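Taking it in order: structure first as structure tokens, then the write-up.
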Amino acid sequence: MNYWLFKSEPDEYSLSDLKDEPGQVGRWDGIRNYQARNFLRDQVGKGDGVLFYHSACKIPAIVGTARVVRTAYPDPAQFDPESKYFDLKATAENPRWFCVDIQWQSEFTRPVALKEIKQNPALAGMVLVKQGRLSIQPITADEWRTLKQLGS
DNA sequence: GCCAACGTTGGC
DNA sequence: GCCAACGTTGGC
């Protein structure tokens, strides 16, 4: 069982968008970064915990949690010429990009803002603090506990 | 909207 | 395989 932080721009796909999905299950697609892809494809497991992070918005923050209900499968958008995630070089035999399904689990009572995370010594090791741009990142069990507590 | 910190592309 | 040019992310 592992823990992850998934970033999303709330204008594109927010935690409440996930909650509104049938069964509260949504596809986490559109990942087009190799480092994030590799985590998704090779390490994200069924039942893993996900911290839902809102980026590129007024108050960047972790807003709730989800859990992984389906492990990696080829992202259908890469084969769709109409999609902005279309990839000419991807084939069904040799897919380049992957996605997972996650299920809404909880909304934090209090969003945990990036600003607050940066100020907390217990969270100084987070990839979010050290390397801003990665959209899927591993979280330690300690960090998971700390962040859930801060958000409740 | 600016810009720093990456990541990707492609000529050589 | 180097590296310059370009593109993207995302905080501010």
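The values are calculated or read from the model by the stated rules, or taken from the named source; none is laboratory data. Being a predicted model, the structure only gives us computed values, none of them experimental. Here Cβ is always computed from backbone atoms with ideal geometry, including for glycine, and neighbour counts include all displayed protein chains. Ligands, DNA and RNA are excluded from the accessible area calculation, which covers all protein heavy atoms including side chains. Shrake-Rupley method; radii C 1.70, N 1.55, O 1.52, S 1.80 Å.
Could you identify which residue out of A:30, A:132, A:47 has the top mean-square fluctuation in a GNM of chain A using Cα springs shorter than 10 Å? Of A:30, A:132, A:47, the Gaussian network model singles out A:132 as fluctuating most. Along the axis of the charge dipole computed for chain A (Cβ charges of +1 for Lys and Arg, -1 for Asp and Glu, origin at the Cα centre), the listed residues A:44, A:138, A:6 are led at the positive end by A:138. Taken about its Cα centre, the stretch A:65-131 carries a charge dipole of about 440 debye when Lys and Arg each add +1 at the Cβ and Asp and Glu each add -1 at the Cβ.
Comparing Cα centroids, the stretch A:95-126 and the stretch A:1-61 end up 9 angstrom apart.
Within the listed set A:116, A:93, A:82, the Gaussian network model of chain A (springs between alpha-carbon atoms below 10 Å) gives the highest mean-square fluctuation for A:93. Rounded to a whole number, what % of the accessible area of chain A do carbon and sulfur atoms account for, probe 1.4 Å? Heavy-atom surface of chain A belonging to carbon and sulfur, 1.4 Å probe: 48 percent. Taking a sphere under 15 Å around the Cβ of residue A:80 and counting the other residues whose Cβ falls inside, with K and R at +1 and D and E at -1, yields a net charge of +1.
Based on the Stokes-Einstein relation at 37 °C and a viscosity of 0.692 mPa s, and on the Kirkwood radius from alpha carbon pairs, the stretch A:6-152 is assigned a translational diffusion coefficient of 207 µm²/s. Stokes-Einstein diffusion for the stretch A:1-90, with the hydrodynamic radius set to the Kirkwood value over Cα pairs and evaluated at 37 °C in a medium of 0.692 mPa s, equals 233 µm²/s. Name the residue farthest towards the positive end of the dipole of the stretch A:3-143 from the options A:108, A:63, A:35, assuming +1 on Cβ of Lys and Arg, -1 on Cβ of Asp and Glu, about the Cα centre. Towards the positive end, the residue furthest out is A:35.
To the nearest 10 degrees, how steeply does helix A:141-151 sit against the main Cα axis of chain A, on a 0 to 90 scale? That helix lies at roughly 70 degrees to the long axis.
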